[in-house]
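Notes to accompany the following structure.
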Amino acid sequence: MRFSPLISACLFTLIMIFNQNSALAFKIEGLTIVGLINAAQTVSTTSGVTSRTEGLLGFGGGILKDFDFKPRNFSIQSGLLYTKRNYGMSNSYTNSTTWLQVPLLARKNIWIFNLGLGGYLDFALGNLSHDASGTVTTSTISSNMKTFDYGFQGALGTTVFKKIFLDFRYSIGLANLTLGTPNTLTFDEMGLILGYRFN
């Protein structure tokens, strides 16, 4: 598999965050413990016809780490997020999957807001749960879709009382996760993050 510059940059940042011996030594400053709520939907195309599932609520949490460049009010943010992607049609079925996400965002402070733009890597965990009118079946995610996802991500956040971090994010999947039918399958996702930041 050929890695795009986005994937390579995400992996490099993750290594730098958790490598104690690197030039950017890990410090508790800039670390944020977060919980999140998200709504994910699949976008699929079959024979040129595009369809979307409903964005159903999921929950998760994790840690974010900021490398601050204070003279320019600029930072690089990454971390590890455990997320649930629930999608389907509310009057018919619900699919539930679990992913480990590595975001990589360039962030800029503008007034009371913090803008972010970058990308993410997602790695599927566990099984896919399918609930059809109360009848639940499970299967491996790999038998339903590819287990590696990546895409663009934008964010708009703010910090309250110097410690409470609030962030709205929107992600657009670029990886085609289909195993054959439909012809294409991607994720779109929006989420809200609430966290406690160690300054």
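Before moving on, here are some points about what is shown:
Conditions (1) on the phi > 0 side of the Ramachandran plot; (2) of a type outside the set (A, V, I, L, M, F, W, C), marked per residue:
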{"site": "127", "(1), (2)": "no, yes"}
{"site": "134", "(1), (2)": "yes, yes"}
{"site": "140", "(1), (2)": "no, yes"}
{"site": "161", "(1), (2)": "yes, no"}
{"site": "165", "(1), (2)": "no, no"}
{"site": "172", "(1), (2)": "no, no"}
{"site": "175", "(1), (2)": "no, no"}
{"site": "181", "(1), (2)": "no, yes"}
{"site": "187", "(1), (2)": "no, no"}
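- Selected residue (only one of 120, 93 is touching a Pro at 6+ places or on another chain (Cβ under 7 Å), surrounded by 12 or more Cβ atoms within 10 Å (Cβ to Cβ) and either at positive phi or touching a residue at least 40 places away in the same chain (Cβ under 8 Å) (or both)): 120
- Verdict on residue 128 being more than 16 Å from residue 97 (Cα to Cα) and either at pLDDT 95 or above or in a strand (DSSP E or B) (or both): no
- Among the conditions (1) surrounded by fewer than 18 Cβ atoms within 10 Å (Cβ to Cβ); (2) touching a residue at least 12 places away in the same chain (Cβ under 8 Å); (3) part of a strand (DSSP E or B); (4) not hydroxyl-bearing (Ser, Thr, Tyr), the only one that residue 162 does not satisfy is (3).
- If the condition is being surrounded by 18 or more Cβ atoms within 10 Å (Cβ to Cβ) and hydroxyl-bearing (Ser, Thr, Tyr), then the stretch 179-199 contributes only 186.
- Within the stretch 139-151, residues that are within 12 Å of residue 180 (Cα to Cα) sit with their Cβ atoms under 7 Å from residues that are assigned to a strand (DSSP E or B), at 6+ positions apart or across chains, in these pairs: 144/128; 145/185.
The values are calculated or read from the model by the stated rules, or taken from the named source; none is laboratory data. Because the structure is predicted, anything quoted here is derived from the model rather than measured. Here Cβ is always computed from backbone atoms with ideal geometry, including for glycine, and neighbour counts include all displayed protein chains.
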